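Report on the following structure.
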Amino acid sequence: MFKCSMESLNSVFAKISANAELYIPADNCDGKAVYTKWAEGVELSNQLNTVKSPKDFFFPQVEDMMAFKVEGKNIELIDIRKAQEDFVVFGVRACDVKAFEVLDNVFLVDPVDSYYAERREHGIIISVACGRPSETCFCQTFGIDAANPGGDITVWYADGNAYWQSNTEKGEKLLASLGLESCDSAAVDAEKAKIANIMKKLPLAELKADAFGGGKTMELFNRPEWKALSESCLGCGTCTFVCPTCQCYDVKEFNTGKGVVRFRCWDSCMYSDFTKCAHGNPRLSQVERFRQRFMHKLVYYPENNNGLFGCVGCGRCLAKCPISMNIVKVMKTLGGNA
């Protein structure tokens, strides 16, 4: 384990950015934490989490995939991807680190998504333990430890210092290049105990996922509560766009005048035109679309991924839903904890 003073953190950032682009959470003009490319003068945010998750670095909201040139009956396929450079994302919380495991199970299985895979290969994740968890946090419901967030490198803040520990070969190589002071883990152990104590006192500390998981489809699918739960839903898709694990996307094309570009962009199962085909949308009502979102997170995904839930308890949907309808209310209502 290594450490540096909080005052010298910018110097460490400078060393990292000398060899790779570095992104850190920084407050924008609205006072919200967003991932920002580090440069001298960019200050690290003190907020718990960013508005959008770091998913965007590996699965961008909008991404050009390929281009075509069409001349008569001849079609030329053009690879428009640029070589991916190394980059580092600092300040990732435990919930968002776990979200990458969810995404990996989608994009890194056959057939492997080469766009996502290349970014994962070149990206380094530096996590930071949650010293001040929020009242909307419920990561412990899904077995996530806010005090041990993982990633390639983990950082803890304690006693005016930042303590660094490598967890992977990539992390070890980066950490070795920073020239930090070696130290013991006493301060980190105390910080972990403090975080664990805070987590026990959070409003959602007792939220359980026992009523959900693989094999619960028939038990939950036709529950009458879905209708009442979905009645106030606006179908705005905000929850899906701030969610670190949502992976649905649409593929579209546009004519540039010089050819055709194919791109993909995030989509939402909450939209009425989601997966719309020639015959229409397979889910015609909002209650069906609402049910699909939460059944996928809590039943379908764990059933197909060895019990891993599609939610990581980051609390973003609790904070951002305009009508305060979220996965916690669904879990409490259907799980008997309301």
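The values are calculated or read from the model by the stated rules, or taken from the named source; none is laboratory data. Everything numeric here is computed off the predicted structure, so don't read it as measured data. Here the Cβ is made from the backbone with ideal geometry for all residues, glycine too, and neighbour counts use every protein chain on show.
Data table
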| quantity | calculated |
| --- | --- |
| Test: residue in the stretch 92-109 that is in a loop (DSSP other than H, G, I, E, B) and in contact (Cβ under 8 Å) with a residue 40 or more places away in the chain | yes |
| Residue 73 being within 15 Å of the chain's Cα centre (by Cα), farther than 30 Å from residue 7 by Cβ and of a type in the set (D, E, K, R) | no |
| Extreme residue, nearest to the chain's Cα centre (by Cα), among residues of the stretch 233-261 that are of a type outside the set (A, V, I, L, M, F, W, C), at pLDDT 90 or above and assigned to a loop (DSSP other than H, G, I, E, B) | 244 |
| Pick from the stretch 292-338, criterion over 24 Å from residue 199 (Cα atoms) and not in a helix (DSSP H, G or I), ranking: farthest from the chain's Cα centre (by Cα) | 323 |
| Matching residues in the stretch 168-218 - criterion: being on the phi > 0 side of the Ramachandran plot and exposed (fewer than 13 other Cβ atoms within 10 Å of the Cβ) | 179, 215 |
| Yes/no for residue 245 being surrounded by 19 or more Cβ atoms within 10 Å (Cβ to Cβ), out of contact with any Lys or Arg (no Cβ under 8 Å at 6 or more places or on another chain) and under 29 Å from residue 56 (Cβ atoms) | no |
| Subset tally (residues that are more than 27 Å from residue 135 (Cβ to Cβ), part of a loop (DSSP other than H, G, I, E, B) and not polar (S, T, N, Q)) for the stretch 14-52 | 7 |
| Residue match in the stretch 121-135 (condition: loosely packed, with under 14 Cβ neighbours inside 10 Å and in a helix (DSSP H, G or I)) | yes |
| Failed item, numbered, when residue 250 is tested on (1) touching a strand residue (DSSP E or B) at 6+ places or on another chain (Cβ under 7 Å); (2) over 25 Å from residue 34 (Cβ atoms); (3) surrounded by fewer than 19 Cβ atoms within 10 Å (Cβ to Cβ) | (2) |
| Subset of the stretch 123-154 (residues that are free of Cβ contacts under 8 Å to residues at least 40 places away in the same chain and over 15 Å from the mean Cα position of the chain (by Cα)) | 143, 152, 153, 154 |
| Scope the stretch 219-242; condition of a type in the set (A, V, I, L, M, F, W, C) and surrounded by 12 or more Cβ atoms within 10 Å (Cβ to Cβ); matching residues | 220, 226, 229, 233, 234, 236, 239, 241, 242 |
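Per-residue answers, yes or no, for (1) of a type in the set (A, V, I, L, M, F, W, C); (2) in contact (Cβ under 8 Å) with a residue 60 or more places away in the chain; (3) in contact with a Cys (Cβ under 9 Å, 6 or more places away or on another chain):
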| site | (1), (2), (3) |
| --- | --- |
| 38 | yes, no, no |
| 47 | no, no, no |
| 50 | no, no, no |
| 57 | yes, yes, no |
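Table: residues versus (1) farther than 23 Å from residue 92 by Cα; (2) crowded, with 19+ Cβ neighbours inside 10 Å; (3) out of contact with any helix residue (DSSP H, G or I) (no Cβ under 6 Å at 6 or more places or on another chain); (4) assigned by TED's automatic domain parsing to the domain that holds residue 52.
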residue: 263; (1), (2), (3), (4): yes, no, yes, no
residue: 289; (1), (2), (3), (4): yes, yes, yes, no
residue: 310; (1), (2), (3), (4): no, yes, no, no
residue: 313; (1), (2), (3), (4): no, yes, no, no
residue: 324; (1), (2), (3), (4): yes, no, yes, no
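Residue-wise test of (1) within 30 Å of residue 133 (Cβ to Cβ); (2) of a type outside the set (Ser, Thr, Tyr); (3) part of a loop (DSSP other than H, G, I, E, B).
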site	(1), (2), (3)
203	yes, yes, yes
212	yes, yes, yes
220	yes, yes, no
228	no, yes, no
263	no, yes, no
271	no, no, yes
